[in-house]
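Report on the structure given below.
Read the figures in this text as sums done on the coordinates, not as results from a lab. Here the structure is a predicted model, which is why all the values come from computation and not from measurement. Using ideal geometry, Cβ is built from the backbone for each residue, glycine included, and neighbour counts are taken over all protein chains shown.
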Amino acid sequence: MSEQAHNKLTTASGRIYVENENTKTVGPRGPVLLEDYILHEKMAHFNRERIPERVVHAKGSGAFGTFTITNDITQYSKAKVFNKLGKKTKVLLRFSTVGGERGSADTERDPRGFAIKFYTEDGNWDLVGNNTPVFFVKDPKKFGDFIHTQKRDPYTNLKSPTMMWDFWSLNPESLHQVLILMSDRGTPVGYRHMHGFGSHTFSLINAKNEKFFVKFHFKTAQGIKNFTDSEAAAMKSKDMDFSQRDLLEAIESGDFPKWNMKIQVMTEAEARTVTFNPFDLTKVWPHSDFPLIDVGTLELNQNPDNYFAEIEQSAFAPAHVVDGIGYSPDKMLQGRLLSYPDAHRYRLGGNYEQIPVNRCPFAVNNYQRDGQMRVDGNGGRLPNYFPNSFDEIKIDESYREPSEQLESTIADWYDRNSKIGGNDHYSQPRALFREVMTKEEQDNTISNVIGAMSGISGPKRDLIVNRQLCHWFRMDEDFGRRVAAGLGVNVDAVMENMNALR
Ligand code: NDP
């Protein structure tokens with residue numbers, strides 16, 4: 001508080017005033033006077049309270065916490081966040097559902113966002129992932145189309161299982177993520193009982209400038225806990241904000257949720273020879289070939305004081321990496337490098353990184369100036385151009401990124417040379433269904449698929465159902481037969497259809 005601070009009611013410009021509840025009128029029962037500026041200010045500001053909600057991940061919850069290093073991975077990365085055992089870094093973690101609006105229910109069947117901001121001394125590192133290791137599409141050009149199918153139908157203004165299954169059945173690459181979504185992990189019990197994944201392949205660079213590819217995993221220390229489909233539906237009618245309440249109350253009571261961060265590492269040589277495309281976001285890296293390596297523990301221990309200021313205004317971008325962490329040729333990552341900051345500039349404005357929750361608490365030195373809502377002093381008297389002869393801002397060559405060797409001789413649209421890579425959309429979901437899921441999980445997943453596909457309607461119903469059934473059959477015949485039976489579909493006719501489509 002400054003010397004002039006006081007505790008009297010004021011306008012936004014600081015004028016002290018008295019009448020906060022009674023508007024000035026011509027006599028006790030007369031019309032309102034235009035000069036009651038307090039009335040205008042209150043109403044005008046109220047009218048401007050809403051900012052555009054996020055196009056995806058609109059409904060979310062978040063908290064601050066601490067990331068602590070428990071294992072030395074400096075052989076892979078020189079990032080300062082990893083540079084010492086016991087090192088602690090402040091973090092913000094925002095969870096979310098994906099398809100719903102800001103007021104939608106927390107227990108919808110949907111992936112969950114898992115976006116972390118690490119406030120490191122070398123800048124803010126944002127790891128903007130989900131609670132699933134894969135995604136529905138592997139090319140960013142499909143992203144907007146896909147999301148449209150998760151939102152409302154342009155005519156009915158209703159969510160539409162027909163749109164969703166039409167898109168999924170026309171994009172078999174989505175099968176892996178659809179299977180996970182349809183398992184009980186599609187309805188986690190709040191945000192504390194699910195894993196998090198960086199999802200994309202990123203790279204790590206060590207002090208010798210050697211590069212490794214990496215996947216980030218965050219394993220819940222609370223244990224996996226899921227709602228069944230009916231439990232999720234029941235919770236939706238009981239408490240739309242279940243996950244928000246669960247997270248807030250756990251932290252308030254001192255029961256701080258934790259995740260163990262682990263990485264999978266792949267050398268550049270391995271990336272050239274593995275039998276799948278390691279940059280395809282619809283694929284995982286098998287644990288048996290790329291074992292999990294411990295890194296640290298992430299604990300959430302502080303609720304935000306103000307939801308709008310610190311969670312609604314928080315902005316995460318996969319482009320925000322730091323020295324020692326880099327990108328990869330994952331097409332979806334490359335697309336998100338551009339689109340996330342673009343979305344924030346639209347939603348929060350060009351100076352969104354000055355909003356306190358987004359601001360790097362360490363040094364920010366650059367020549368960006370002006371723009372709407374510039375609130376950080378705008379560089380004061382310092383030069384607004386580079387290079388110059390006046391300020392002390394220097395280039396530090398030790399931060400130079402190593403150059404990259406590319407093997408492609410020509411730009412291409414897709415991975416034609418994939419081994420099992422590009423077009424095998426079935427092996428990994430099959431492994432999940434057959435080798436990982438328990439009998440109960442298998443049964444629940446099939447029942448959830450039948451429930452979800454029962455919503456397909458309209459003149460193209462049979463086409464869409466049959467097309468999707470073909471994908472389930474290719475993944476696992478018994479799965480396909482059981483879904484078909486649940487939907488009342490004649491399997492023999494489907495098999496004929498499948499043969500015709502081959
Ligand atoms: P592993 O047996 O080593 O690991 C299986 C993984 O599947 C575990 O991480 C497990 O999580 C997770 N899992 C269990 N049930 C589900 C579910 N319903 N939805 C999503 N994940 C689930 O197998 P592999 O590494 O060889 O992979 C086999 C299959 O497992 C993959 O094709 C993929 O579908 C799935 N998977 C693989 C991951 C990976 O990074 N390799 C990550 C997640 C899933 P938990 O820690 O709770 O045991």
| query | To the nearest 0.05, what FRET efficiency results for residue 255 and residue 407 with a Förster distance of 45 Å applied to their C-beta separation? | reply | 0.35
| Residue separation times 0.36 nm, minus the C-alpha to C-alpha distance between residue 206 and residue 53: what's the value? | 51.2 nm
| remark: Diffing the stretch 341-356: the Karplus 3J(HN,Hα) column from phi (6.51, -1.76, 1.60, θ = phi - 60°), in whole Hz with x for Gly and Pro, holds x, 4, 4, 5, 5, 6, 6, 10, x, x, 9, 4, 7, 8, 4, x
| task | Calculate the tail of P(r) for the stretch 103-204: the fraction of all Cα-Cα distances greater than 25 Å, expressed in %. | result | 27 percent
| Cβ charges +1 (Lys, Arg) and -1 (Asp, Glu), total dipole of the chain, debye | 320 debye
| Once the Cα atoms of helix 242-252 and of the chain are each reduced to a long axis, what angle between those two axes, in degrees from 0 to 90 to the nearest 10, is obtained? | 60 degrees
| query | Given labels modelled 7 Å from the Cα in the Cβ direction, how far is it in nm from residue 360 to residue 85? | reply | 3.0 nm
| said: What would the Debye equation give as log₁₀ I(q)/I(0) for the stretch 1-139 at q = 0.08, 0.16, 0.20 Å⁻¹, counting only Cα atoms as equal point scatterers? | reply: -0.49, -0.97, -1.15
| note | proj_area_mean for the stretch 427-501 (convex hull on C-alpha atoms), units nm², value 4.9 nm²
| Label-to-label distance, nm, for residues given as residue 121 and residue 151 (7 Å Cα→Cβ offset) | 4.4 nm
| message | Could you give the length gained by full extension between residue 399 and residue 70, i.e. 0.36 nm per residue of separation minus their alpha carbon distance, to one decimal place? | response | 115.9 nm
| remark: Bounding extents of the stretch 246-337 in its principal axis frame from Cα atoms, largest first in Å, are 49, 29, 26
| Which pairs in the list 236/262; 80/138; 117/283; 90/236; 59/238 are over 21 Å apart, alpha-carbon to alpha-carbon? | 236/262; 80/138; 117/283; 90/236
| query | In terms of the ratio Rg/(2.2 N^0.38 Å) built on C-alpha atoms, what value belongs to the stretch 91-142? | reply | 1.36
| task | Any chance you could give the angle, 0 to 90 degrees and rounded to 10, that helix 491-501 forms with the longest Cα principal axis of the chain? | result | 80 degrees
| Share of Cα-Cα pairs in the stretch 232-288 lying beyond 18 Å, as whole percent | 61 percent
| remark: Stokes-Einstein D for the chain (10 °C, 1.306 mPa s, Kirkwood Rh from Cα pairs), in µm²/s, comes to 62 µm²/s
| task | Would you mind computing, in nm to one decimal, how far apart the modelled labels at residue 29 and residue 9 are, each placed 7 Å from Cα along Cα→Cβ? | result | 2.6 nm
| Which value, in debye to the nearest 20, gives the size of the charge dipole of the stretch 427-501 about its Cα centre, when Lys and Arg are +1 and Asp and Glu are -1 at the Cβ? | 240 debye
| task | Would you be so kind as to identify which of 296, 333, 263 lies farthest towards the positive end of the dipole of the stretch 229-346, taking Lys and Arg as +1 and Asp and Glu as -1 on Cβ and the Cα centre as origin? | result | 333
| task | Return the ratio Rg/(2.2 N^0.38 Å) for the stretch 154-243, where Rg is computed over Cα atoms only. | result | 1.49
| If you line up the long axis of helix 461-475 against the longest principal axis of the chain, both from Cα atoms, how many degrees apart are they, to the nearest 10? | 70 degrees
| field | Radius ratio Rg over Rh of the stretch 30-73, counting only Cα atoms, Kirkwood formula for Rh | value | 1.42
| said: Report the per residue volume, in Å³, of the convex hull enclosing the C-alpha atoms of the stretch 1-49. | reply: 104 Å³
